[in-house]
Amino acid sequence: MHVTTMSFAVEPWTQQTVIVRVGKALDFRNAADFKAACQDQVRAGVRNFVLDFSETGILDSTGLGSIFSLYRQVSPMEGQVVFAAVSRPVQVVVQLTRTYKVFRQFPTVEAAREALR
Amino acid sequence: MVATRHRFTDLARITDDAHDLFAQWAEEGAFSPLFDEDKVLLMRLAVHEWLANLVQHADFGDRKPEILLDVYPNGKRVRCVIEDNSRGFDLDLHMERRRQALDPFPDRGMGLLMLQAATEYLDYRRGDNGRHRLEFSVAADQDPWLTIPF
């Protein structure tokens, strides 16, 4: 089942891992929805999040803050947040904020899934 | 591209409209090849963060919002001026507060700092016309970064 909220969709992969198709934008307009959707997943037992940025043209400070919030939730439970198929606009934000030090990046969603298997 | 001006009045649409402009400029190859795609994206991020700040926090009182975006490409450097008719605020004070209050992996408070980090030069003041004016430039030879506590 796909849960679509604003521009993103959450796809279960295993009991503990989901793929989040971030869609066109993660910014001040939908970051609260992203946070709420991820919190629901954490409550349901999900610990690992693969964020698929292949279609993402906008990631802003509020969007990045919502990802930090998710990271703060799952990292004490040995969960992971990883980035996949990072688009160029997102890469610019990752480089500016040096968040590549925190979030592992994979060229594709499949590569991320393999690493989390 | 020569200097260009765009006027926005609808805060609900301004983010999408600004991004559409950048998409149009990308299609037209509007900027110098010396100012590469990553630098255009950095400038777009700076514009986005300021517009997001205006949409979320600016006090326009009973005035109809009017925001003007001027872009002045100049080879390896692009200057942007964003002028608005809000009541404005103390940017330096807000930046300093945000910098001091930044927790590890912060949820909020990174926007203005990201804007500052992305730009080579940044100035905000009330103009003679009573409008508030943010001016910044992004340069091709910048390697900007923002320190966020991890």
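Miscellaneous remarks
- Some residue of the stretch B:62-83 being within 14 Å of another protein chain (Cβ to nearest Cβ), in contact with a His (Cβ under 8 Å, 6 or more places away or on another chain), at pLDDT 95 or above and within 13 Å of B:PHE136 (Cβ to Cβ): no
- Single residue of the stretch A:31-60 satisfying the filter (within 12 Å of chain B (Cβ to nearest Cβ) and open to solvent by 10 Å² or more (accessible area, probe 1.4 Å)) that is nearest to A:THR99 (Cα to Cα): A:ILE58
- With respect to (1) surrounded by fewer than 17 Cβ atoms within 10 Å (Cβ to Cβ); (2) of a type in the set (S, T, N, Q); (3) closer than 23 Å to A:ARG88 by Cα, the lone exception for B:GLN56 is condition (3).
- Note on the stretch A:67-92: among residues that are under 12 Å from the mean Cα position of the chain (by Cα) and facing another protein chain (nearest Cβ under 7 Å), the one that is surrounded by the most Cβ atoms within 10 Å (Cβ to Cβ) is A:PHE68.
- Of all residues making up the stretch A:3-16, the number that are open to solvent by less than 20 Å² (accessible area, probe 1.4 Å) and in contact (Cβ under 8 Å) with a residue 24 or more places away in the chain: 2
- Qualifying residue in the stretch B:65-77 (condition: open to solvent by 20 Å² or more (accessible area, probe 1.4 Å), more than 22 Å from A:VAL93 (Cα to Cα) and charged (D, E, K, R)): yes
- Once the stretch A:93-111 is narrowed to residues that are open to solvent by less than 10 Å² (accessible area, probe 1.4 Å) and not aliphatic (A, V, I, L, M), the residue that is farthest from the chain's Cα centre (by Cα) is A:THR97.
- Subset of the stretch A:17-30 that is more than 16 Å from A:PHE83 (Cβ to Cβ) and more than 9 Å from every other protein chain (Cβ to nearest Cβ) - its residue that is surrounded by the fewest Cβ atoms within 10 Å (Cβ to Cβ): A:LYS24
Here is a yes/no grid of residues against (1) crowded, with 19+ Cβ neighbours inside 10 Å; (2) more than 26 Å from B:VAL40 (Cβ to Cβ); (3) within 14 Å of chain A (Cβ to nearest Cβ):
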position: B:PRO104; (1), (2), (3): no, yes, yes
position: B:MET110; (1), (2), (3): yes, no, yes
position: B:LEU113; (1), (2), (3): yes, no, yes
position: B:ALA117; (1), (2), (3): yes, no, yes
position: B:TYR121; (1), (2), (3): no, no, no
position: B:ARG126; (1), (2), (3): no, yes, no
position: B:ASN129; (1), (2), (3): no, yes, no
position: B:ASP143; (1), (2), (3): no, no, yes
position: B:PRO149; (1), (2), (3): no, yes, yes
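The values are calculated or read from the model by the stated rules, or taken from the named source; none is laboratory data. Keep in mind that this is a model prediction, so the values were computed, not measured. We place every Cβ from the backbone using ideal geometry, glycine too, and count neighbours over all the protein chains shown. Areas reflect the complete protein model, heavy atoms only, side chains present, ligands, DNA and RNA absent. Shrake-Rupley method; radii C 1.70, N 1.55, O 1.52, S 1.80 Å.
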